[in-house]
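Enquirer: What follows is a single structure, and I will ask about it in a moment.
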Amino acid sequence: MRMHIEFVDNGPGISPSQLADFEERTGQKIPIPYKRFLLNHNGGRPRLSAFKFQGRRGKMEESAVQGFFGVHAQEAFSLELCLEILRARIPEDLFPIAVDHCGNLVLMGSHGPRAEKIYFWNHELEGPDGEPPTEENVYFIANSLDDFLRGLTELELPSQ
């Protein structure tokens, strides 16, 4: 199902061959739904950005996408830079697609039972430096990227 999601600050247009070059250069396979997203948007900030998920101890939590990662030379929201810095800190079957305002990640399952599903990764709850990633800081958000995007809402700022 096609949907219209408004984005600002998208990266420059990108081609399938540029995505293939990126995968070869980084050794990282981009999940197919995110490849489609990159071809249409190449990252950017969604106008509607807030989302909810069931966090620790089953409590409903809220966050907001600061930006989706793209394949471009800009340091902000650079997928390549994110992979360089964080790849070893997130579970192997998850792929970073976005970041919130606190440095937490939105991840997409890249293969196996979690393929194409969307997760929240809380960096404040990750294991000690040098230890393998755990599942203790990973929370399910949505069954697909489309479901995640459809569920984004306007960020409500606390009243002063």
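Enquirer: Has the stretch 63-74 got any residue that is closer than 21 Å to Pro12 by Cα and without any contact (Cβ under 8 Å) to a residue 12 or more places away in the chain?
Expert: yes
Enquirer: Could you tell me whether any residue of the stretch 61-77 is loosely packed, with under 13 Cβ neighbours inside 10 Å, out of contact with any strand residue (DSSP E or B) (no Cβ under 6 Å at 6 or more places or on another chain) and either at pLDDT 95 or above or not in a loop (DSSP other than H, G, I, E, B) (or both)?
Expert: no
Enquirer: Do we find a residue being farther than 20 Å from Asn143 by Cβ and part of a strand (DSSP E or B) anywhere in the stretch 37-54?
Expert: yes
Enquirer: Another question about this same structure. Ile5 versus (1) in contact with a helix residue (DSSP H, G or I) (Cβ under 8 Å, 6 or more places away or on another chain); (2) part of a strand (DSSP E or B): which is the lone unmet condition?
Expert: It is condition (2) that Ile5 fails.
Enquirer: Under 7 Å by Cβ, and 6 or more places apart or on different chains, what pairs join a residue from the stretch 84-106 that is touching a residue at least 60 places away in the same chain (Cβ under 8 Å) and under 20 Å from Gly55 (Cβ atoms) with one that is in a loop (DSSP other than H, G, I, E, B) and not β-branched (Val, Ile, Thr)?
Expert: Sorted first by the residue in the stretch 84-106, then by its partner, the pairs are Ile97/Phe69.
Enquirer: Being modelled with pLDDT under 95 and of a type in the set (Lys, Arg) is the filter here; which residues of the stretch 26-55 pass it?
Expert: Across the stretch 26-55, the qualifying residues are Arg45, Arg47.
Enquirer: Being within 25 Å of Thr26 (Cα to Cα) and either modelled with pLDDT under 95 or of a type outside the set (Asp, Glu) (or both) is the requirement here; does Gly151 meet it?
Expert: Against the criterion (within 25 Å of Thr26 (Cα to Cα) and either modelled with pLDDT under 95 or of a type outside the set (Asp, Glu) (or both)), Gly151 does not qualify.
Enquirer: Kindly list the number of the only condition in (1) surrounded by fewer than 21 Cβ atoms within 10 Å (Cβ to Cβ); (2) touching a residue at least 40 places away in the same chain (Cβ under 8 Å); (3) not charged (D, E, K, R) that fails for Gly127.
Expert: Against the list (1) surrounded by fewer than 21 Cβ atoms within 10 Å (Cβ to Cβ); (2) touching a residue at least 40 places away in the same chain (Cβ under 8 Å); (3) not charged (D, E, K, R), Gly127 comes up short only on (2).
Enquirer: Given the structure, is Glu156 under 20 Å from Ile5 (Cα atoms) and exposed (fewer than 12 other Cβ atoms within 10 Å of the Cβ)?
Expert: yes
Enquirer: Residues to consider are Arg87, Arg114; find the one that is touching a strand residue (DSSP E or B) at 6+ places or on another chain (Cβ under 9 Å) and modelled with pLDDT under 95.
Expert: Arg87
Enquirer: Which residue pairs have Cβ atoms closer than 8 Å, lie 6 or more positions apart in sequence or on different chains, and pair a first residue in the stretch 132-150 that is buried (at least 18 other Cβ atoms within 10 Å of the Cβ) with a second residue that is among the acidic types (Asp, Glu) and assigned to a helix (DSSP H, G or I)?
Expert: Between residues of the stretch 132-150 that are buried (at least 18 other Cβ atoms within 10 Å of the Cβ) and residues that are among the acidic types (Asp, Glu) and assigned to a helix (DSSP H, G or I), the close pairs are Asn137/Glu124.
The values are calculated or read from the model by the stated rules, or taken from the named source; none is laboratory data. Being a predicted model, the structure only gives us computed values, none of them experimental. A quick note on method: Cβ atoms are made from the backbone with ideal geometry, for glycine too, and the neighbour counts reach across all protein chains shown.
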